[in-house]
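Q: Okay, here's the structure, questions in a sec.
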Amino acid sequence: MIRSETAGRVARVRFDRLDKKNAITTEMYLQLAEALAAADADAEVRAILLHGSAECFTSGNDIGDFLKRPPSGEGSPTWRLFEVFPDLSKPIVAAVGGPAVGIGCTLLLHCDLVYAAPNARFQLPFVPLGIVPEFGSTFLLPLLAGYQRAAELLLLGQPFSAQKAQEAGIVTAVVPAEELLEKSLAIATALAALPAESLRLTKRLMKARYGKTVAETIAEEGRIFRERLDSPEAREALNAFLDKTTRKPGR
C-alpha cells in the first residue's frame, strides 16, 4: 500500500490504496516510515518525492483501523513515522491532488516543497472529531501561517482549497492537474542535481532552531490526543464519522 522506487537519484514514495482513497492503516504508517528512512539512508538518492495519484493524495487515517488499533505512543507504527519524517536529511517534495486530510495534511508541514493541483482539498478535522491536532501541527502551522490563519484551519476544521493552502504557507505553488506529477518530479530531479552536502547542511540549518520544539510539541500533542480518544465526545464523533463513511447508499 506504500510503493517505493528510485530512478535518476530521486526516490518516489507513493500511497497506493486508491480504492480506499489512500486511507492510512497502521501497517501503512510503518511502511511509509521505513520507505522514507531507506531513501534517506541510500547514498544513490539525493531527493524524495512523496505523492498519491492525481485524484487523491490521502484521505487521512483509516478510521475503522484507527478505532481498532489506536496509536499507543512511543514504539507504535504511528510514532515511528513521527520520529523519521522530521529528521529526514534529504529534501522532500510532495505532490498533492485531491484530498489531503488529517495526517495527509499535517505531514506536508514537514516537507520542503509542496505542489498542489487545483483539485486538491485540504482539511484538519481534529476538533470536529473530538480530538486534537497531531504531528507538530499546533506549532508548525502558526509558524507558517500566523496565529489567526492557523486558528481558522485548526479550530474550525473545515475543508480548504489549494489556493488557501498556498496562502497559509502549506503549499509552495498550485499547478495544473495534468502537470502535477511531472512538475513535482522535475523539481525533485533539479534538487537531486545540486551539491548533496550543501543541500543537507542548508536544510539542517533552516530547521535547527525549532527542531527541539517540534519534537516536544509532537510528544505533548500525542499525549493529549491519546487521552482524548477515551473521551465520550471523541468516541461519539469518530463512530458517527465511521458510520457515515460505511453506510450503504439508500440507507
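Quick note: the coordinates plus some simple rules give every number you see, no bench work behind them. Every value quoted in this text rests on a predicted model; they were computed, and no experiment measured them. Note that each Cβ is placed from the backbone with ideal geometry, even for glycine, and that neighbours are counted across all protein chains shown.
Q: Can you tell me how many residues within the range 53-100 are within 14 Å of the chain's Cα centre (by Cα) and among the small types (Gly, Ala, Ser)?
A: 7
Q: Also, quick follow-up: Among the residues of the range 162-181, write down those that are surrounded by 15 or more Cβ atoms within 10 Å (Cβ to Cβ) and touching a helix residue (DSSP H, G or I) at 6+ places or on another chain (Cβ under 9 Å).
A: The initial filter retains those residues of the range 162-181 that are surrounded by 15 or more Cβ atoms within 10 Å (Cβ to Cβ), namely 162, 164-166, 168-172, 174-175, 177, 180-181.
Listed by number, the residues that qualify are 164, 165, 168, 169, 170, 171, 172, 174, 175.
Q: Identify the single condition in (1) among the basic types (Lys, Arg); (2) farther than 26 Å from residue 176 by Cβ; (3) surrounded by 18 or more Cβ atoms within 10 Å (Cβ to Cβ); (4) out of contact with any Lys or Arg (no Cβ under 9 Å at 6 or more places or on another chain) that residue 90 does not satisfy, given that it satisfies every other one.
A: Residue 90 satisfies every listed condition except (4).
Q: State all residues of the range 208-246 that are assigned to a helix (DSSP H, G or I) and without any contact (Cβ under 8 Å) to a residue 24 or more places away in the chain; if no residue qualifies, say none.
A: Within the range 208-246, 208, 212, 216, 219, 220, 227, 232, 240, 243, 244 qualify.
Q: Yes or no: residue 106 within 11 Å of the chain's Cα centre (by Cα) and of a type in the set (S, T, N, Q)?
A: In short, yes.
Q: Could I ask something else about it? Every residue in the range 190-204 that is within 22 Å of residue 107 (Cβ to Cβ) and either loosely packed, with under 15 Cβ neighbours inside 10 Å or not aliphatic (A, V, I, L, M) (or both), please.
A: 200, 202, 203, 204 - these are the residues of the range 190-204 that are within 22 Å of residue 107 (Cβ to Cβ) and either loosely packed, with under 15 Cβ neighbours inside 10 Å or not aliphatic (A, V, I, L, M) (or both).
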